[in-house]
Amino acid sequence: MSHHLVVFDSVFFCYPDGTEAIKGVSFRITHGESVGIVGANGAGKSTLLMHMNGYLIPMKGSVIIGDLYLDKKTRQEIRKKVGVVFQNPDDQLFMPTVFDDVAFGPLNLGMSEEKVRERVDEVLKTVGCLSLKDKPPHHLSAGQKSAVAIASVIAMRPDILVMDEPASNLDPRSRRQLINLLREFEHTKVIASHDLDMILDVCKRCIVIKEGRVVADGPADRILSDRVQLEENNLELPLSLQRL
Ligand SMILES: Nc1ncnc2c1ncn2[C@@H]1O[C@H](COP(=O)(O)OP(=O)(O)O)[C@@H](O)[C@H]1O
Ligand SMILES: [Mg+2]
């Protein structure tokens, strides 16, 4: 099914201050793949993910989502296919109540109010936050905000789910719930994280980014057991692979 395809072909991106954050990245992610993106702080992971829904547009090279080349004209269409959960949930939640935030996307897609109400209940239940429905998002804990941000994205039933450091604010129980949720999500997933145990649990494939380039791309169990390569990237073996 070509509509779940994510292709990066020699993508370059430079911030206005001259920082070359992405320097020729290529990969191809096909339908149903689960891909972890790992690398040191500043390696370029977030910049890369921001290209997946056209929040950023490559300066050189191309990004293809499904059968569309990403550019300013296709960006809106691409956002219907790709749901991105940003690193900081405060960037995602801006409405007066949790309900309004989760309902926002589906209403924009033109769903009826009744259907939207059903959908909101369903996804809030999935992330364990149904009881928070009428609360203002700024009254929630960091973990609750993350869960609601995730709900607001899955409410749109994206073909491709992209997450930037989704577990960083979560307590162990919420983290485990998130892992279970991600394992059940059948579509294409791309997850950037320092939580290598989570990547190992959720992703079959792993891409290592260093200074804006891909330095490794392969099966997650192989890449995440390569102690030398992980250390070169300021990362450590997942706890589950450390021999005590
Ligand atoms: N808005 C920005 N303006 C200038 N440089 C930026 C901006 N955002 C990120 N960078 C720089 O781009 C590089 C990649 O950053 P980022 O994609 O956030 O890495 P990561 O998510 O892997 O930590 C870093 O050198 C970072 O300092
Ligand atoms: Mg980042």
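Bear in mind that the values in this text are calculations on the coordinates, not laboratory data. If you're wondering where the values come from, they're calculated on a predicted model, not measured in any experiment. Backbone-built Cβ (ideal geometry, glycine too); neighbour counts: all protein chains shown.
With no solvent and one equal point scatterer per Cα, compute the Debye intensity ratio I(q)/I(0) for the chain at 0.13 Å⁻¹ and report its log10, rounded to two decimals. These q points yield log10 I(q)/I(0) values of -0.80. Label positions at Glu231 and Lys133, each projected 7 Å from the Cα along the C-beta direction, are separated by 5.3 nm.
Sorting the segments 147-156, 107-116 by their mean number of nearby beta carbons within 10 angstrom, highest to lowest, gives 147-156, 107-116. The label-point distance for Asp9 and Ser168, in a model that sets each label 7 Å from Cα toward Cβ, rounds to 3.2 nm.
Under 5 Å from the amide H of Val215 lie the amide H atoms of Val208, Ile209, Lys210, each residue being 5 or more positions distant or on a separate chain, with H modelled from the backbone and absent for Pro and chain starts. Just to be sure I understand: with springs between alpha-carbon atoms less than 10 Å apart, which residue in Ser225, Ser146, Ser193 has the highest mean-square fluctuation in the Gaussian network model of the chain? It is Ser225. Among the GluC sites (Glu not before Pro) in the range 1-94, none sits in a DSSP loop with a Cβ that has at most 14 other Cβ atoms within 10 Å.
In this rough spin-label picture, where each label sits 7 Å from Cα along the Cβ direction, the Asn108-Ser240 distance is 3.4 nm. Averaging the sequence gap over all C-alpha pairs within less than 8 Å and six or more residues apart, then dividing by the number of residues, gives the range 2-236 a relative contact order of 27 percent.
Averaging Cα coordinates gives a centre for the range 23-61 and one for the range 177-217; these two points are 12 Å apart.
Extension gain, Arg222 to Lys23, is 69.2 nm, computed as 0.36 nm per intervening residue step minus the present C-alpha separation. Across the range 100-156, C-alpha contacts under 8 Å between residues 6 or more apart give a mean separation that, scaled by the residue count, equals a relative contact order of 54 percent.
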